[in-house]
Amino acid sequence: MEPSVWSVLSRHCPEGALVPRCERLLKFQIADPFTFTALAVLAESPNLRHLELDTTEYSGSSTEALQMLILELEPIFTRLETLSLGVPWDADDQPESAIPFWQYSHLQSLAVNPSVRVTRPIIRSLMDFSNLRSLSIDLLAVEPPDQPLEAGFHQLRELRLTGMPDRVHTLMQAVSPPHLETITVHFDVHLQQVHSERMKELVQRIYETLAPSVREVHLAFESGYIPAEYILFPTATGLLSPLRDRNLRALTFHFHNHFTHILDHELQEIVQTWPELTAFEFTYNADIRDHLAYEKASLARIAIPTIPTVAAFAAAHTHLERLALPHINARVVPPLCEMEHEHPLQTFTVAYLEASVSHCPAALAIDRLFPNLDMPEGEELEPYSKLQLLLLGMQTIRRSATHTLHPEE
């Protein structure tokens with residue numbers, strides 16, 4: 001619809017908003033000054049509380065023009081509870097974002113992307129938001145405070161950060177939200193700039209900034225390509241051990257174009273560590289899984305988790321709903337009669353299994369352990385995963401047999 005149409009429609013509502021009951025305006029794009037007209041009309045609703053505004057494709061003559069347009073919307077921003085901003089990329093000579101998101105101090109939820117420079121004044125302003133419970137921000141740069149900051153972020157419960165590891169650490173060290181419950185970090189990993197040991201050190205330092213109230217930790221390590229040395233961490237000890245004293249409900253790691261092992265003894269050591277866990281995941285993107293399959297990577301010399309260890313881990317976590325591991329030892333499978341069953345696990349994935357090892361015995365054991373898995377079907381089924389195919393087939397046969405024996409159920 002042409003932007004001018006909104007102006008025409010609004011003239012037919014001289015005494016009120018065009019859409020007075022609108023509470024959410026999502027995925028609205030401002031590509032040029034003309035589309036601003038449509039936003040101004042739609043955002044007039046007195047009930048508007050949630051706004052997703054994307055200006056990343058703004059093609060105006062300058063960011064100053066965008067700032068002037070946004071200034072006209074400030075009365076609307078003061079009514080919002082949640083704001084998601086897609087802002088233009090910061091220019092090298094521009095000290096701050098074109099949209100002053102740090103001034104909307106009444107917000108309960110704020111998300112800003114792509115990357116922005118976070119200056120000292122911005123840090124101080126955000127920390128003073130009295131109602132902010134959720135913050136998501138991509139870090140192009142972080143200006144370290146010149147002196148210790150007073151405590152802030154008193155209502156913040158969820159924090160999502162994206163950026164280079166040192167920038168994430170700089171911000172977390174400066175602010176340390178005292179009542180945080182969920183931390184999600186997407187690390188931009190470039191091993192030419194941050195080697196593996198330095199990466200592990202920064203992760204552990206970030207752990208040290210987390211408040212005792214943190215219950216969920218979600219970390220992602222992302223690279224734009226598969227490096228020659230794609231094993232980011234030889235083992236998972238550095239990721240797991242520093243968190244052993246915490247009462248976690250969810251602990252997840254995602255590796256994009258990298259791989260990290262978890263060894264059998266590492267999984268054994270944390271069997272009793274987090275009894276309230278609902279999610280424990282090591283997940284990987286398709287490219288790195290395909291890379292391992294193409295290389296026919298051998299796991300014979302690596303003490304990867306055995307099926308009994310996986311069973312013991314699940315049995316110790318009665319609330320566990322999601323379990324994902326980099327690999328399991330499918331070479332040795334205990335007798336099925338030794339397998340406990342009826343665990344309520346909903347999803348179970350394994351990133352890599354050696355093609356030279358028969359998957360059927362392992363699938364039989366897993367099906368016995370976790371009979372209620374929510375298996376993907378159709379397009380959601382990963383074509384490379386023989387284990388998934390076997391589990392889906394076994395589950396289908398078992399449920400068909402149950403229906404045949406008890407058709408009235």
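Using a Gaussian network model of the chain with C-alpha springs under 10 Å, which one of Thr309, Thr78, Thr349 is most mobile by mean-square fluctuation?
In the Gaussian network model the winner is Thr78.
Do the sum for the chain: with -39,500 (n - 2.57) for every DSSP H run of n ≥ 4, divided by all residues, what is the mean residue ellipticity at 222 nm, to the nearest 500 deg cm²/dmol? Spell out each step's value before the answer.
Working: 13 runs with 122 residues, N = 409.
That calculation yields -8500 deg cm²/dmol at 222 nm.
State, as an integer percentage, the relative contact order of the chain based on alpha-carbon contacts under 8 Å between residues 6 or more apart.
Averaging sequence separation for qualifying contacts and normalising by length gives 7 percent for the chain.
Distance between the C-alpha centers of region 296-364 and region 192-243? Whole Å please.
Between the Cα centre of region 296-364 and that of region 192-243, the gap is 24 Å.
Once amide H atoms are built 1.01 Å from N in the peptide plane, which residues 5 or more positions from Phe255, or in another chain, come under 5 Å H to H?
Phe221, Thr283, Tyr284, Asn285
Sort out the exposed loop trypsin sites (Lys or Arg not before Pro) in the chain (DSSP loop, at most 13 other Cβ within 10 Å) and tell me the longest stretch that has none. Walk me through the numbers before you get to the answer.
Numbers: sites that count: Arg21, Arg244, Lys296, Arg301.
Segment 22-243 is the longest.
When the chain is modelled as a GNM with alpha-carbon springs shorter than 10 Å, which of Cys22, Cys337, Cys360 fluctuates the most?
Judging by the Gaussian network model, the answer is Cys337.
Taking a cut-off of 15 Å between Cα atoms, list the aspartates and glutamates near Lys386, but don't count ones fewer than 8 places away on the same chain.
Hits, sequence-local ones excluded: Asp290, Glu354, Asp367, Glu377.
Treating only the Cβ atoms of Lys and Arg (+1) and Asp and Glu (-1) as charged, compute the dipole magnitude of the chain about its Cα centre; round to the nearest 20 debye.
Numbers: 29 positive and 53 negative charges, 138 e Å.
Once rounded to the nearest 20, the dipole reads 660 debye.
None of the figures in this text is laboratory data; all of them are computed from the coordinates on show. Just so it is clear, the model here is predicted, and its values are computed rather than measured. No Cβ is skipped: glycine too gets one built from the backbone with ideal geometry, and neighbour counts run over all protein chains shown.
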